[in-house]
1. From 28, 46, 67, 81, which residue is farther than 30 Å from residue 235 by Cα and touching a residue at least 40 places away in the same chain (Cβ under 8 Å)?
2. What about residue 158, is it at pLDDT 95 or above, touching a strand residue (DSSP E or B) at 6+ places or on another chain (Cβ under 9 Å) and under 13 Å from residue 219 (Cβ atoms)?
3. Answer with yes or no whether residue 190 is buried (at least 17 other Cβ atoms within 10 Å of the Cβ) and within 20 Å of residue 228 (Cβ to Cβ).
4. I'd like to verify a number: residues in region 153-172 that are under 16 Å from residue 100 (Cβ atoms) and either touching a residue at least 60 places away in the same chain (Cβ under 8 Å) or surrounded by fewer than 16 Cβ atoms within 10 Å (Cβ to Cβ) (or both), how many?
5. Enumerate the strands (runs of 3 or more DSSP E) found wholly within region 42-151, keeping only those where 2 or more residues are touching a strand residue (DSSP E or B) at 6+ places or on another chain (Cβ under 6 Å), within 25 Å of residue 175 (Cα to Cα) and modelled with pLDDT under 95.
6. How many residues are free of Cβ contacts under 8 Å to residues at least 24 places away in the same chain and either surrounded by 14 or more Cβ atoms within 10 Å (Cβ to Cβ) or in contact with a helix residue (DSSP H, G or I) (Cβ under 7 Å, 6 or more places away or on another chain) (or both) when one looks only at region 105-140?
7. Check 219, 253, 246 and return the single one that is crowded, with 22+ Cβ neighbours inside 10 Å and closer than 26 Å to residue 47 by Cα.
């Protein structure tokens, strides 16, 4: 007679869920650091310039007054390659997006993206992930999506202009929901943090996802395969709704993911979790 666990596993496969054990090698939690609600609550990345290493976070408190006064009230999960740093913004009035870019010299510039009406592009600009070669960057919308958006990387790709058009899309083999951050772990692999509160898509809520691209991004449409790896850590002194935020994959293989705690604990014990492949 089959065990309850075996029956559950069969049901998950039958329904199309990718179970963490079957999907990939386990990612284990190896530690955490406190995440401040004001300025460490949206995203994170590592900037490497001239032999220095800077851990950069984003949050409502990191939005410059001159940016928020123009309607850009939300900053997402940033990324950095070769000393260049890019952070994504969306507007209150839902009229286009902006990528704020810092060069290796420290100078700032802004690149504006008008929404692509032909594909029904949503206004959300939740995250950006730069390809390891620096030429292209991916971005994501909110809700249930079966695509990622691709752009030339400002400062690193000569094709980038201050009015930044959509260059390509990544069509996914299955839907994802409420992606708050993604980062490349290899030239063709993305790790993504989902704030999905349900288990309807992958059999687990708040999952860590992996996207395997058909090939390295080259400025033309391509496809990607989505796999659920595990649920991200959810631990707090309060009970209620956790909010998964940005993600960062470091050179030594450490994955960092921000999870904001429920209720009043959001200012007490929200965490940036550290994970590593077993």
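The values are calculated or read from the model by the stated rules, or taken from the named source; none is laboratory data. Because the structure is predicted, anything quoted here is derived from the model rather than measured. Cβ placement follows ideal geometry from the backbone for every residue including glycine, while neighbour counts extend to all protein chains displayed.
1. Matching residue, one of 28, 46, 67, 81: 81.
2. Yes, satisfied.
3. When the stated conditions are applied, residue 190 passes them.
4. So the answer is 8.
5. Output list is empty.
6. Number of matching residues: 2.
7. Selected residue: 246, the only one of 219, 253, 246 that is crowded, with 22+ Cβ neighbours inside 10 Å and closer than 26 Å to residue 47 by Cα.
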